[in-house]
Amino acid sequence: MAALAGLRVLGYSGGVAWVARAASWRVPRGQELGGQVQLCRLSVCGGRQYSSEAKSEDELRVRYLEGEEQGIVVLGINRPQAKNAISKGLLKSMMKTVDSLKGNNKVRTVILRSEVPGVFCAGADLKERAKMHPSEVGPFVSKARALMNEFANLPMPTIAALDGAALGGGLEMALATDIIVAGGTQRLPRAVGVAMAKELIFSARVLDGNEAKVIGLVSHVVEQNDEGDAAYKRALALAREFITQGPIAMRMAKLAINQGIEVDLATGLAIEEACYAQVIPTKDRIEGLLAFKDKRPPRYKGE
């Protein structure tokens, strides 16, 4: 079976509100819209641990890569006993980690992967859910939805590497990244269209890599390797490409795409102009021009 590392940039409602006043723009935090579901499924395979010295927690291992890969952060979900199902503990760890990444200008790309062979995420932890009081379920789902939104709102590029089965909320988690493999009731229709999204969700159909590519759900389908980490390796290769680019320009590009896709073309072009205006006074822009003139690779510092 093929492993997946889907490349598709999606917009989402909320996260940033654009407010125009004369020639000035500001970018405040806005309302968030979620899409936490546990219906649609996608089948992928494999998985192997990659490591680099960094802080870690039991259910979520956070690795800051070094050397030529400095700037890449790998988040590894590690709940083998529950097939990486989303528990209260995992949710808390992920929210804490995502919150710490938001303001870290040294982070240039985030990869979300599994460290459990054969599975990415089995969705919600239904065994834990069964023990919840009905009054606890709503707040838990709201927190899970908030996590997806926070992940989608990270300013740097994000990649989901699926070397294993992704079910329900696991798909939604992947869809919240910029490079995705699957989705839910709100984000999935934006990726494959309303009719196809309904068909997949209503049937809970399992798709292989080629089927997912045919319907436009993924852009990259790579053959699985003996180690079972082909999707992760493809994601890492993409991340290496990303970290050579200007980090400020990358963040502004992501912001322009995510917000522009939700509005009409004229407003989208205005958003693009506002984003570019944030890049003009940076040292990185001058470095890019000098590097082009000197015919050498640029050395961006995020300044």
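The values are calculated or read from the model by the stated rules, or taken from the named source; none is laboratory data. What you see is a predicted model, and the numbers here were worked out from it, not measured in a lab. When we count neighbours, we look across all protein chains shown, and the Cβ atoms used for this are built from the backbone with ideal geometry, even at glycine. SASA here: full protein model, heavy atoms, side chains in, ligands and nucleic acids out. Shrake-Rupley method; radii C 1.70, N 1.55, O 1.52, S 1.80 Å.
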Point to revise | Accessible area expressed per residue, region 72-180, with surrounding protein chains retained (probe 1.4 Å, Å²) | key: 34 Å²
Check your understanding: Ignoring ligands, DNA and RNA, how do GLU303, GLU223 rank by accessible area with a 1.4 Å probe, largest first?
Key -> GLU223, GLU303
Point to revise | Backbone HN-Hα couplings from phi across region 261-275 [Karplus 6.51/-1.76/1.60, Hz, Gly and Pro as x] | key: 5, 8, 10, 6, 4, 4, 5, x, 5, 5, 5, 4, 5, 5, 5
Revision key, fill the gap. Quotient of Cα radius of gyration and Kirkwood radius for region 116-173, i.e. Rg/Rh, equals 1.03
Review point. Percent relative contact order of region 209-303, based on C-alpha pairs within less than 8 angstrom and at least six residues apart?
Key: 22 percent
Practice item. At 7 Å along the Cα-to-beta-carbon direction for both GLU136 and PHE292, put a label point, then send me their distance in nm to one decimal. Key: 5.7 nm
Check your understanding: Rg and Dmax of region 58-208, using alpha carbons, in Å: what are they?
Key -> 15.3, 49
Review point. Roughly speaking, to the nearest percent, how much of region 208-303's 1.4 Å accessible area is carbon and sulfur?
Key: 57 percent
Practice item. Describe numerically, in nm with one decimal, the distance between label points set 7 Å from Cα along Cα→Cβ at THR244 and at GLN81. Key: 4.5 nm
Practice item. Run the 1.4 Å probe and let me know the accessible area of ASP99, rounded to the nearest 10 Å². Key: 90 Å²
**Study point:** Nitroxide proxy distance, nm - points 7 Å out along Cα→Cβ at VAL263 and SER203
**Key:** 3.8 nm
